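Working notes, structure below.
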Amino acid sequence: MALTATLYTFTLALADADRGVYADLELRVAQHPSETAEFMLARVLAYCLEYEDGIAFTDGVAATDEPAVLVRDLTGRVRAWIEVGAPDAERLHRGAKRADRAAVYAHRDPAPWLAQLAGQRIHRAGEIPVHALDPGFLREAASALQRRNQATLSVTGRVLYLDLNGRSLSSEIRTLALS
């Protein structure tokens, strides 16, 4: 018998002072059976931190030819390719060629993955930021998850302040170079 995805809803107030983005979001996020809660939360955070017109979740880990999050313009052209986790070099190369810009949000220590990518061919590798989310922060936030979630996410000076279902957490976002 096949396992089905678990659906989570987020009523989220976003205040990203770093980018001047303020929005009230209603998100429905499907967690694939093979996806950890930490990875799913990293997808939600990547969506919020990249939020702009045309942003959308893809099928996540079930999508073989798309990243976790895409930004398209009104014509359907891909403007941003946002990966979560540790994509392989070929996938990142393809995404960087297809979109105006690309970014990666790492939900685990990115050092081993970055070492594995060293010397691999990736289009515009020097322009692709790797945003490292603290695994302890994600683990703590995952323990506060419910099927219906109330959240406030504030970003100031590359520090995340997350209030999730009454639990307050904070964490710095480290940004590393891909190459």
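Throughout, read-outs are computed from the coordinates displayed, never taken from laboratory work. These numbers come from a predicted model, not from an experiment. Counting neighbours? That spans all protein chains shown, and the Cβs are built from the backbone with ideal geometry, glycine included.
Some notes on this structure:
- Tilt relative to the chain, helix 37-49 - C-alpha long axis, 0 to 90 degrees, to 10: 80
- Modelled this way, with points 7 Å down the Cα-to-C-beta line, the labels at H123 and L27 are 2.7 nm from one another.
- In region 77-179, Rg over Rh equals 1.03, where Rg is the alpha-carbon radius of gyration and Rh the Kirkwood radius from pairwise Cα distances.
- Unit charges on C-beta of K, R, D, E only; dipole of the chain, Debye: 260
- Recomputing percent of Cα pairs over 29 Å apart from the coordinates shown identifies the correct label among (i) 33; (ii) 12; (iii) 17 as (iii).
- Considering only T64, T36, T152, the mean-square fluctuation computed in a Gaussian network model of the chain, springs between alpha carbons under 10 angstrom, is largest for T64.
- Interchain or long-range residues, amide H under 5 Å from E172's placed H: L160
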